[in-house]
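J.: Have a look at this one.
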Amino acid sequence: MATDLLQLLYYGLVYGAIVALGAIGVSLIFGILRFANFSHGDLMTTGSYVALALVGWLGWPLWAAVAPAAIATGVIAIVLDRLFYRHLRRTAPVILLIASFGSGLILRSIVQIIFGPDNHVYRTGISIPFRWQGLVITPDSLWVLGGAIVMVILVHLFLSHTRMGKSMRAMSDNMDLALVSGIPAERVVMWTWIIGGILAAIGGILLSMDTKLHPTVGYHELLPIFAAAIVGGIGRPYGAILGAFIISLAMQYSTLIISPAYMPAVAFTIMLVVLIIRPSGLFKGTL
Amino acid sequence: MNLLEINDVYGGYGGGDILKGVSLNMEARDIVVIVGPNGAGKSTLMKSAFGLVSIRSGLVRFDGSDITRLRPDKIVRRGISYVPQEKNVFPTLSVEENLQIGGYILKENLKKRIEAIYAMFPRLAERRRQAAGSMSGGERQMVAMGRALMLDPKLLLLDEPTAGLSPAYIDQTFDSVKQINDNGVGILMVEQNAKQALAIASRGYVLTNGQNRHEDTGAGLLANREVAEMFLGG
């Protein structure tokens, strides 16, 4: 039993780290652009397939494909902003939300046109898990956990130590005051998309290592990602990290009592309860 | 030459006019206080000097140049800083980060400027790592003023800086205002505590219904019987 609990803890940490990478981006984008980005899951998918192209077509090792795929996804996010969202900045948030739903559909369809609707993997063959204290640990899951932790630390350093990171937090905190302080809003918006896109891509790659590539691999993670962002307090990147682990661990531990098929329902329930009891989330977000 | 000149301004926030031909003049190093009943347009008059009001007609000049239709982010670069009444700090940012954001457009000397603010408000230096949102009302007001002072403005706009503060913090805030003014910064403020504000003011304006009602030195307005009966509680 104790081993089971520990095993679920490990799964929870691995999956939580992936969800955190998506949730940080959703939270930052909401805080600065004031809309729920429904294409975020598809940005994750896009990143994982760009990496697949580099691995599958050009024969690069996966580790070398991560950074270019992440940056490409950041650029794609900026292009979407220039094409669609920028023209809608002064409209109601629901219009931006619908626009993001549309751009997500575009990304998902392009992936499907190029790579087909079937599953893909970065490499074939069986990776042999090893056992430690009775826990089953796959080498890939260690890479996932390590990679996500490194990214979270990098995001923290960016947000807390750079001028742009502080400006992003300031805009998320108090938009009007940031503008009257002379912060260049459009530059901050651009950086928000770059950071959101990079994190989404890496989250998508790690997710695809953990499971498989599929055109809806990221889309299916939207619910836990939004749940994490809302539980943490939307607009609060540190809240999103905490929220991701709460949601992920709750999903994993729920399998002790109910069928794993209900894992998304667990995320949904926690999100609803938080929205009813404390809509600003744990970190008093901007919702 | 006048530091700020608001001349026969009509305007509001897109609906009907809130300002109906109002004028205001101040010189460098003045402390000018705007008083009047609720809805008289006091805050709107002040915001008209910061590009936050859509001005239908009239003129706003600052330091010799026309700023009537400039955006706030341009005006802030010309030497006016603005402290809103509410939501005037970045709550999750530390005191020091609030000051850094306040000085965002400074090319150099950011550290020196922060030290100057700490010298003015030693309490902020003690709390530099604390999140601004977790501080008391009086301390938060210091953070708000400190943030606005980062750009070393010639004119500081304060919108009801003592609103919601306890009496001890009100005195402290007026002391800070005087101290900032002693450092050569002109102050234009809207205040509910009219008596205390006029006591430190070099000039005061009484506004009713978007128009000038009285204009005098602070002491003169305090001695004016009509003003006393209307706003100062007899």
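Laboratory data are not the source of any read-out in this text; all were calculated from the coordinates shown. Quick caveat: nothing in here was measured; it's all calculated off a predicted structure. Virtual Cβ from ideal backbone geometry, glycine too; neighbours counted across all protein chains shown.
J.: Could you work out the mean count of beta carbons from other protein chains within 10 Å of each residue's beta carbon in A:168-179? All intermediate terms of the calculation are to be shown ahead of the outcome.
T.: On the way: counts 0, 5, 10, 2, 3, 11, 11, 1, 5, 13, 4, 4.
Mean number of neighbouring Cβ atoms from other chains: 6.
J.: State, as an integer percentage, the relative contact order of region B:117-225 based on alpha-carbon contacts under 8 Å between residues 6 or more apart.
T.: Reported relative contact order: 19 percent.
J.: Is region A:1-52 best put as rounded, prolate or oblate by its Cα gyration tensor, with a ≥ b ≥ c the root eigenvalues, rounded for a/c under 1.5, and otherwise prolate when a/b is larger than b/c, oblate when not?
T.: It is oblate, given that a/c is not under 1.5 and a/b is not larger than b/c.
J.: Which three numbers, in whole Å and largest first, are the semi-axes of the equivalent ellipsoid of chain A derived from its Cα gyration tensor as √(5λ)?
T.: After diagonalising the Cα gyration tensor, the semi-axes are 29, 23, 17 Å.
J.: What's the whole-number percent of alpha carbon pairs in the protein assembly as shown lying beyond 34 angstrom?
T.: 47
J.: At a 10 angstrom cut-off on C-beta neighbours, averaged per residue, how do the peptides A:108-114, B:42-48, B:65-71 rank from highest to lowest?
T.: Those peptides, ordered most packed to least, come out B:42-48, A:108-114, B:65-71.
J.: Once you have a ≥ b ≥ c as the square roots of the Cα gyration tensor eigenvalues for region A:82-223, tell me rounded if a/c is under 1.5, and otherwise prolate or oblate according to whether a/b is larger than b/c.
T.: Verdict is oblate for region A:82-223.
J.: How large is the charge dipole for chain A, taken about the Cα centre, if only the Cβ atoms of Lys, Arg (+1) and Asp, Glu (-1) carry charge, to the nearest 20 debye? Please list the in-between numbers first.
T.: Working: 16 positive and 10 negative charges, 130 e Å.
Once rounded to the nearest 20, the dipole reads 620 debye.
J.: Report the Cα centroid-to-centroid distance between region A:162-223 and region A:72-117 in angstrom, as an integer.
T.: 14
J.: For each pair in B:Lys107/B:Lys154; A:Lys284/B:Lys112; B:Lys20/B:Lys154; A:Lys166/B:Lys111; B:Lys87/B:Lys178, compute the distance between the two Cα atoms and list the pairs where it is over 25 Å.
T.: A:Lys284/B:Lys112; B:Lys20/B:Lys154
J.: How many angstrom separate the Cα center of region B:28-58 from the Cα center of region B:139-212?
T.: So the separation of the two Cα centres works out to 13 Å.
J.: For region A:183-287, go through all pairs of different Cα atoms, get the mean of 1/r, take its inverse, and jot down that Kirkwood value in Å.
T.: 14.8
J.: Let me understand region A:177-216 better: what is its radius of gyration from the alpha carbons, and its Dmax, in angstrom?
T.: Reported Rg and Dmax, both Å: 15.8, 47.
J.: For the residue pair B:Tyr10 and A:Leu5, what label-to-label distance in nm results when each label sits 7 Å from Cα along the Cα-to-beta-carbon direction?
T.: 7.6
J.: Then there's this: How many nm is it between the label spots at B:Arg225 and B:Asp171, if each spot is 7 Å from the Cα in line with the beta carbon?
T.: 3.3
J.: Quote the relative contact order of region B:4-231 in percent (integer), defining contacts as alpha-carbon pairs under 8 Å separated by 6+ residues.
T.: Normalised by residue count, the contact order of region B:4-231 is 28 percent.
J.: Quick one: angle between helix A:163-173 and the longest Cα principal axis of chain A, in degrees between 0 and 90, rounded to 10, please.
T.: So the inclination is approximately 80 degrees.
J.: What do you get for Rg/Rh over region B:101-170 if you use C-alpha atoms and the Kirkwood form of Rh?
T.: So for region B:101-170, dividing Rg by the Kirkwood Rh gives 0.97.
J.: Now for a separate question. Once you have the Kirkwood Rh of region B:1-109 from its Cα pairs, apply Stokes-Einstein at 10 °C and 1.306 mPa s and quote D in µm²/s.
T.: Using the Kirkwood radius from Cα pairs, D works out to 104 µm²/s.
J.: By the scheme Lys and Arg +1, Asp and Glu -1, what is the net charge of all other residues having a beta-carbon under 15 Å from that of B:Leu110?
T.: +3
J.: Per 10 Å bin from zero, what fraction in whole % of the C-alpha pairs of region B:31-84 is there, up to the bin with the longest pair?
T.: Taking every Cα pair in region B:31-84, the percentages come to 23, 54, 23, 1.
J.: Tally Lys and Arg at +1 and Asp and Glu at -1 over the other residues with C-beta under 11 Å from the C-beta of B:Asn7: what net charge comes out?
T.: Local net charge: -2.
J.: Scan region B:71-179 for trypsin sites (Lys or Arg not before Pro) in coil per DSSP, keeping those whose Cβ has at most 16 other Cβ atoms within 10 Å, and list them by number. Before the final figure, lay out each step's value.
T.: Working: sites: B:Lys74, B:Arg77, B:Arg78, B:Lys87, B:Lys107, B:Lys111, B:Lys112, B:Arg113, B:Arg123, B:Arg127, B:Arg128, B:Arg129, B:Arg140, B:Arg147, B:Lys154, B:Lys178; in loops: B:Lys87, B:Lys107, B:Arg127, B:Arg128, B:Arg129, B:Lys154.
Here the trypsin sites (Lys or Arg not before Pro) that fit, given the DSSP loop and packing criteria, are B:Lys87, B:Lys107, B:Arg128, B:Arg129.
J.: Taking all pairs of different Cα atoms in region B:4-231, averaging 1/r and flipping that mean, what Kirkwood radius in angstroms comes out?
T.: Numbers: mean 1/r = 0.0563 Å⁻¹.
Its Kirkwood hydrodynamic radius stands at 17.8 Å.
J.: Decide, for region A:4-114, between rounded, prolate and oblate: order the square roots of the alpha carbon gyration tensor eigenvalues as a ≥ b ≥ c, take rounded if a/c falls under 1.5, and otherwise choose prolate if a/b is larger than b/c, else oblate.
T.: In terms of gyration-tensor shape, oblate.
J.: Quick one: if you stick a label point 7 Å off each Cα along the C-beta vector at A:Thr91 and B:Ser57, how many nm between them?
T.: 3.7
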